[in-house]
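The values are calculated or read from the model by the stated rules, or taken from the named source; none is laboratory data. Because the structure is predicted, anything quoted here is derived from the model rather than measured. Note that we place each Cβ from the backbone using ideal geometry, even for glycine, and neighbour counts take in every protein chain shown.
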Amino acid sequence: MKTKKTHYISYLILALFGLYMLFPFVSTFFYATSTKWSNTMLPNDFTFKWFIQLIEDPNFISAVVRSFTLTFTTLAVVLVVMVPTVFLVYTYFPKVDQFMKGLVLMPYAIPGVILATGLLRMYSGSVIPMYLVLVGALFIGSLPFMYQGVRNSLESIQTKKLIEAAEILGANRFTSFIRIILPNIRLGLLITTLLIFSSFFGEFVLTNLLIGGRYETIRIYMLRRMNENGHLASSVMVAYFILLILISLVITYLTSPDRRGRKNSNRKQVPGKRADRISLAEPLKSVSILKIGVKKEKRQRI
Amino acid sequence: MKRKQSRKTILLLVPFFLMTVMFLVIPMALMITSSFTSESTGGFTLDNYIEVLTNSFYSQSFLNSGLISLFSAVAGLVLAIIVSYAMTNLPEKVQDKLTVYINVAANFAGVPLAFAFIILLGNSGVFTLFLKDANLPLINGFKLYSWQGLALTYLYFQIPLGILFIYPSLKKIKREWKEAAFMLGASSGTYWRKVGLPSIMPSIAGTFVIMFANGMGTYETAYALTGSNINLVTIRIAALVSGDIYARPVIGSTLAVLFAVIMMAILALSQMLLKKVRRDLA
């Protein structure tokens, strides 16, 4: 009885929150699909002409492609460098961890504007192409989210105990990282990746200052259009957010390719229990490790 | 054997430190040295700091940034906790989907966000005109291009950001803890005071610092919304570093160094507090 009541309040809270969050999205959408909108609660007409105008603009397409290229390059660098680094520091070098915690918060102390100024002084006209400098700058910018995100998930699965158990069972550091830690922090990694993905995709300050008009990403294109026509700018934004939502869904799907396989194999072994969520109350960590091991082998065979 | 392995492991940290030195440490070192460089002679000087510290225009920009960040972080955090908690009561599938959309919302900041608020609530915004026509006193006195507008837009991206950090830690709270507490006769309030909140306290403190810093560092949104009308640190620095008419990169660097020092002091303080919280837990 009591829990049911709580649920109604939960839905009410989420509905209010959702309204506040959707308000600008919805109105931007209406603005993009109307020829003229003022004085009324809802626009008088509906048109796709701004979108058609947008799609016919080759600059828009190439801006989207450029944004994707930049985002994926940087995301690859960030994930490949950061995930093992955070894991190693958290597990094996606790002393470095204190130092790292301070270091990764540095981007907050240095706003993008300042970082870009320093980078321009350092690298403009040097052998290192500005594109790589931009990737590096974005890498630095994503440090706080990445470090905090990965570290939080490592903390929540009690990594140290898991690794100890794995090492007692004879696994080396590499194996235990790939086969035990990575599958366990999937949810946390997914959320962190999503967060960074869309922040890269919509990056403006650093891109504009470091490469500027030479490399027109979608945000820079957006700003240029905004000064020309409000309705058209709205349609750019709508297109941008549709893209962002689609990409987020794709990433969600890609990050869990084993979702279906896992559910099936679980049903046979331990009904209703997901192996990737190790409960704090579970006394024997080694049990879950073995579970994961068995599952992986099964999957490989399939 | 073990030492050899350790040395190899340390080598794996090299890429990270290489990136950090190249793209963070060196640019920052340049920023610091230029803050001690005289604008006219190019020699070492403290004049820049004296100028910045005695000019009330600059100190006011720090105060303004601090106040708006504090407000948006506190209000945003409270709302984020409430919403995250509400989320944990939903079916698992819905929760997964919601995190995707909240992530999108967290990035609805900067130029697009400011633009959306301008077309709605700006001077000639759709709702401003509509409400004026209908003679509704709902948003009488509300000015988008002021503190109120800034606070409203800041909250818009602070809440989702808070959720993204608070929600995973709320998920960690086990149903069993609650059941155990209720079985031992705890009320809902007691449970949250003694078990629920303390267990997520480190997350809350960490998230607050992130949100505060995020507010302090915000440039794009504030600039797109109010131009240079509101005196914020980031806007001041950008104008000094890359402004067309009043470009004074050296003063900009000085402000940036002070900004960095203040932020680091806040971060250090939060680390200390975090440790204290953790000790209480143990």
- Task: Please list, ordered by first then second residue, the pairs with beta carbon atoms under 8 Å, 6 or more apart or interchain, first in the range B:145-157 and without any contact (Cβ under 8 Å) to a residue 40 or more places away in the chain and at negative phi, second surrounded by fewer than 21 Cβ atoms within 10 Å (Cβ to Cβ) and outside any helix (DSSP H, G or I).
- Result: B:Gln148/B:Phe142
- Task: Within the range B:219-228, count every residue that is outside any helix (DSSP H, G or I) and more than 9 Å from every other protein chain (Cβ to nearest Cβ).
- Result: 2
- Query: Across the range A:193-214, which residue is farthest from the other protein chains (Cβ to nearest Cβ) among those that are under 14 Å from A:Leu70 (Cβ atoms) and among the small types (Gly, Ala, Ser)?
  - Reply: A:Gly212
- The listed residue being under 19 Å from the mean Cα position of the chain (by Cα), surrounded by fewer than 20 Cβ atoms within 10 Å (Cβ to Cβ) and of a type outside the set (S, T, N, Q), out of A:Ile185, A:Ile218, A:Ile242: A:Ile242
- Within the group A:Val133, A:Val127, which residue is of a type outside the set (Ser, Thr, Tyr) and touching a helix residue (DSSP H, G or I) at 6+ places or on another chain (Cβ under 9 Å)? A:Val133
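Working only within the range A:112-132, note down all residues that are within 8 Å of chain B (Cβ to nearest Cβ) and within 25 Å of A:Leu189 (Cα to Cα).
A:Gly112
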- Note on the structure: In the range A:1-34, residues that are at pLDDT 80 or above and over 34 Å from the mean Cα position of the chain (by Cα) total 0
- Task: Residue by residue through the range B:82-113, note down the ones that are in contact (Cβ under 8 Å) with a residue 60 or more places away in the chain and either of a type outside the set (Phe, Trp, Tyr) or at the interface with chain A (Cβ under 7 Å from one of its Cβ atoms) (or both).
- Result: B:Val83, B:Ser84, B:Met87, B:Thr88, B:Thr99, B:Ile102, B:Asn103, B:Ala109, B:Gly110, B:Val111, B:Leu113
- Task: Sort through B:Met264, B:Met211, B:Met216, B:Met183 and tell me the only one that's within 13 Å of chain A (Cβ to nearest Cβ), without any contact (Cβ under 8 Å) to a residue 60 or more places away in the chain and not aromatic (Phe, Trp, Tyr).
- Result: B:Met264
- Message: Here is a list: A:Thr85, A:Thr69, A:Thr74. Which entry is more than 8 Å from chain B (Cβ to nearest Cβ) and either in contact with a Leu (Cβ under 7 Å, 6 or more places away or on another chain) or farther than 30 Å from B:Thr20 by Cα (or both)?
- Response: A:Thr74
- Item | Contacts under 6 angstrom Cβ, first residue in the range A:16-29 being within 7 Å of chain B (Cβ to nearest Cβ), partner of a type outside the set (Gly, Ala, Ser), 6 or more apart | A:Phe17/B:Val83; A:Ser27/B:Leu120; A:Thr28/A:Met237
- Members of the range B:174-195 that are crowded, with 18+ Cβ neighbours inside 10 Å and part of a loop (DSSP other than H, G, I, E, B): none
- Task: Say whether the condition of being at negative phi, within 11 Å of chain B (Cβ to nearest Cβ) and surrounded by fewer than 16 Cβ atoms within 10 Å (Cβ to Cβ) is met by at least one residue in the range A:42-51.
- Result: yes
- What about B:Ala86, is it farther than 25 Å from A:Leu79 by Cβ, modelled with pLDDT of 90 or more and not acidic (Asp, Glu)? no
- Query: Out of all the residues in the range A:221-237, which are within 11 Å of another protein chain (Cβ to nearest Cβ), more than 19 Å from A:Val205 (Cα to Cα) and not small (Gly, Ala, Ser)?
  - Reply: A:His231
- Message: Every residue in the range A:121-152 that is in a helix (DSSP H, G or I) and farther than 22 Å from A:Thr71 by Cβ, please.
- Response: A:Arg121, A:Met122, A:Arg151, A:Asn152
